[in-house]
Amino acid sequence: MNPVVMELTVRGLLGRRRSLLLLVLPLLLIGLAALTRWASDASPTASSGLTGNFAMGTLLPLMCLLIGTGVIGPEIDDGSIVYMLAKPVPRRSVLLGKLAVALAATVLFAVLPVALGAAIAGDEDLRLATAYGLAALLAGVAYTTLFVALSVLTRNAVIIGLLYALLWESVLGGYVPGVRDVSIRQWALAPAEDLLGFRALGWGVDSAVETSVGLVLLAVVTVGAAWLAIRRLKTLRLAAAD
């Protein structure tokens, strides 16, 4: 990973208007968490409902979409990526540097707010915050890597990502049995369910797959998406230069 690439990526990600959404959406979650705590008398079940449905199902994939497409998509769209790729820096290092920035931003702006929201809405010895924090971290890594790869593969990454995040993960992935089996959200919830033990059923934390299966599938998606992005970036410079 190249530190210059990472520095430029940080400036680009935080300097655009979309950076405002990186603050607004987490603050919205915190506000809803405080309201849930007040309305439910800090019930862990209500907290799990908010975190599992809104935070994990809607906010997390949207935040990862904003971050994943923001670290490289605009540079590809305006053609400025060509100048970076023309430097004597391995293209793999460029992609991995941008992915590292994206993952760090995901932890800061998405994973931590999810855990904090669960703790504020209602918790028991921070069990929910820990479980959902783990699930958000696993899902966030997979989502962000997938969206970074999508930005490299197509110029319609934001549209495709929105359809995926809002339709597949948020709606279908939460309720349709067949879709739940191939949902990043469900895969990431499996370790959280195991971590909560017998409390998971009472608090409504339920995954469609076993923990071992979920972890393997998350790893396959993450590694596969990173590999595809690197492969695509190797030919992108030549195509743009022509």
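Tabulated data for the structure shown
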item	result
Matching option when the condition is of a type in the set (Val, Ile, Thr), farther than 18 Å from Leu13 by Cα and out of contact with any strand residue (DSSP E or B) (no Cβ under 9 Å at 6 or more places or on another chain), among Thr144, Thr106, Thr130, Thr69	Thr130
Near pairs, Cβ below 6 angstrom, 6+ apart or cross-chain, from segment 21-47 (touching a residue at least 12 places away in the same chain (Cβ under 8 Å) and within 18 Å of Tyr132 (Cα to Cα)) to any residue that is surrounded by fewer than 20 Cβ atoms within 10 Å (Cβ to Cβ) and hydroxyl-bearing (Ser, Thr, Tyr)	Ala46/Ser40
In segment 96-149, the residues that are hydrophobic (A, V, I, L, M, F, W, C) and within 9 Å of the chain's Cα centre (by Cα)	Leu103, Val107, Ala110, Val111, Ala136, Leu137, Leu138, Ala139, Val141, Ala142, Leu146, Phe147
Residue that is assigned to a helix (DSSP H, G or I) and surrounded by fewer than 20 Cβ atoms within 10 Å (Cβ to Cβ), where the choices are Ala118, Ala104	Ala104
Residue count for segment 38-56, restricted to those that are assigned to a helix (DSSP H, G or I) and surrounded by fewer than 20 Cβ atoms within 10 Å (Cβ to Cβ)	8
Near pairs, Cβ below 9 angstrom, 6+ apart or cross-chain, from segment 136-161 (free of Cβ contacts under 8 Å to residues at least 40 places away in the same chain) to any residue that is polar (S, T, N, Q) and surrounded by fewer than 24 Cβ atoms within 10 Å (Cβ to Cβ)	Ile160/Thr154
Count of residues meeting criterion [surrounded by 16 or more Cβ atoms within 10 Å (Cβ to Cβ) and under 19 Å from the mean Cα position of the chain (by Cα)] in segment 22-37	4
Answer from Tyr83, Tyr132 - the residue that is at pLDDT 85 or above and among the hydroxyl-bearing types (Ser, Thr, Tyr)	Tyr132
When residues of segment 126-166 are limited to those that are of a type in the set (S, T, N, Q) and in a helix (DSSP H, G or I), the one nearest to Met63 (Cα to Cα)	Thr144
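The values are calculated or read from the model by the stated rules, or taken from the named source; none is laboratory data. Computed from a predicted model, the values in this text were never measured in an experiment. For neighbour counting, all protein chains shown are included, and Cβ atoms are generated from backbone atoms with ideal geometry for every residue, glycine included.
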